[in-house]
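Undergrad: Structure in structure tokens, see below.
The values are calculated or read from the model by the stated rules, or taken from the named source; none is laboratory data. None of these values were measured; they are calculated from a predicted model. Glycine also receives a Cβ, built like all others from the backbone with ideal geometry; neighbour counts cover every protein chain displayed.
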């Protein structure tokens, strides 16, 4: 797959970049994407929810009323879950939601996500850029010039430029990531994928395609 390289003004530079079919031309595996996204979200869960059971509630343990003859249900303790202020039955306890996936499946999931974006013609190649100082206005202009204002945009760079990162912090629905930090979740979440020119080679290195 061959795409034209544009500058930050959105004008074609005359150069073209070939996207490796071993990444962008594969048949997407939707189940691999599902598992990788599920793991990403699960690993980010804090798992700190906690409620008290009846054994953890402060209160008297005396029997509230006699067992028989009252015409009502038996009640042994004010900490009974049926009473207001009582313990909760089978409530949440702190736990670890994370789980593991093998590396091959995660690689397949990332390739599949990139292939889906390529198939949807949602990829733009921009020449490598940087800002002399953090400037939100400059990043807003870049996004507008590249015509990727609809939906969420993910910009992939080979190396992280601090000024670029600071320039994007206050812009909703625009994210900047290094190629080596790419995750299936971030790619699938984005409507538009913008690749800095050098990041294309970074993707080849990430998936060890330069060795072939």
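Undergrad: Considering only the stretch 1-11, how many residues are assigned to a strand (DSSP E or B) and surrounded by 11 or more Cβ atoms within 10 Å (Cβ to Cβ)?
TA: 4
Undergrad: Can I ask one more? Is it the case that the stretch 68-91 has a residue that's in a loop (DSSP other than H, G, I, E, B), farther than 30 Å from residue 123 by Cα and either touching a residue at least 40 places away in the same chain (Cβ under 8 Å) or in the same structural domain as residue 200 (by TED's automatic domain parsing) (or both)?
TA: Yes, the stretch 68-91 contains a residue that is in a loop (DSSP other than H, G, I, E, B), farther than 30 Å from residue 123 by Cα and either touching a residue at least 40 places away in the same chain (Cβ under 8 Å) or in the same structural domain as residue 200 (by TED's automatic domain parsing) (or both).
Undergrad: Looking at the stretch 154-174, which of its residues are part of a strand (DSSP E or B) and surrounded by fewer than 17 Cβ atoms within 10 Å (Cβ to Cβ)?
TA: Matches in the stretch 154-174: none.
Undergrad: Which residue, of 168, 149, 176, 200, is within 20 Å of residue 22 (Cα to Cα) and either in the same structural domain as residue 115 (by TED's automatic domain parsing) or without any contact (Cβ under 8 Å) to a residue 40 or more places away in the chain (or both)?
TA: 200
Undergrad: Within the stretch 177-192, count every residue that is surrounded by 22 or more Cβ atoms within 10 Å (Cβ to Cβ) and assigned to a strand (DSSP E or B).
TA: Result for the stretch 177-192: 1.
Undergrad: Moving on. Can you tell me how many residues within the stretch 76-97 are in contact with a helix residue (DSSP H, G or I) (Cβ under 7 Å, 6 or more places away or on another chain) and either loosely packed, with under 11 Cβ neighbours inside 10 Å or modelled with pLDDT of 95 or more (or both)?
TA: Total satisfying the criteria: 1.
Undergrad: Also, quick follow-up: Among the residues of the stretch 16-54, count how many are surrounded by fewer than 13 Cβ atoms within 10 Å (Cβ to Cβ), touching a helix residue (DSSP H, G or I) at 6+ places or on another chain (Cβ under 9 Å) and under 29 Å from residue 144 (Cβ atoms).
TA: Looking only at that region, the number is 1.
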